[in-house]
Amino acid sequence: METLKFKTNINCGSCIRSVTGFIEDVKGIDHWEVDTANPDKILTVKGQVTPKEVIDAVEDAGFDIQPVAEAS
């Protein structure tokens, strides 16, 4: 299972509800969450999914999103 992280502007419970349907429509996502306490509003996605699929879903919901480079 892959873990992807993205910087977003999903910053509250209402925003999370707005994006939920879009993210849950993406096949291959096993779990996702948004850390609204983080200044970068980090969306973490786990599953077998490409970054583009996640980005497209979040943008379709009307939010900004960009991949976060993982420190190795």
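The values are calculated or read from the model by the stated rules, or taken from the named source; none is laboratory data. Quick caveat: nothing in here was measured; it's all calculated off a predicted structure. Using ideal geometry, Cβ is built from the backbone for each residue, glycine included, and neighbour counts are taken over all protein chains shown.
For the reader, a short list of remarks on this structure follows.
- Filtered residues of region 10-21 (kept if in a loop (DSSP other than H, G, I, E, B) and under 10 Å from the mean Cα position of the chain (by Cα)): ILE10
- Among the residues of region 41-72, those that are polar (S, T, N, Q) and either surrounded by 14 or more Cβ atoms within 10 Å (Cβ to Cβ) or touching a Lys or Arg at 6+ places or on another chain (Cβ under 9 Å) (or both) comprise THR44, GLN48, GLN66.
- Which numbered condition MET1 fails, given (1) surrounded by 14 or more Cβ atoms within 10 Å (Cβ to Cβ); (2) hydrophobic (A, V, I, L, M, F, W, C); (3) out of contact with any Phe, Trp or Tyr (no Cβ under 9 Å at 6 or more places or on another chain): (1)
- Positions within region 45-69 being part of a strand (DSSP E or B) and among the aliphatic types (A, V, I, L, M), in sequence order: VAL45, ILE65
- Check on GLU53, at pLDDT 95 or above and of a type in the set (Asp, Glu): yes
- A Cβ distance below 8 Å, combined with a sequence gap of six or more or placement on separate chains, defines the contacts here; from region 7-26, residues that are surrounded by fewer than 17 Cβ atoms within 10 Å (Cβ to Cβ) reach residues that are modelled with pLDDT of 95 or more and part of a helix (DSSP H, G or I) in the pairs ASN9/CYS15; ASP25/ALA57.
- Selection status of ILE29, surrounded by 14 or more Cβ atoms within 10 Å (Cβ to Cβ) and either within 9 Å of the chain's Cα centre (by Cα) or of a type outside the set (A, V, I, L, M, F, W, C) (or both): no
- Any hit, region 22-35, residues being part of a loop (DSSP other than H, G, I, E, B) and within 15 Å of ASP64 (Cβ to Cβ): no
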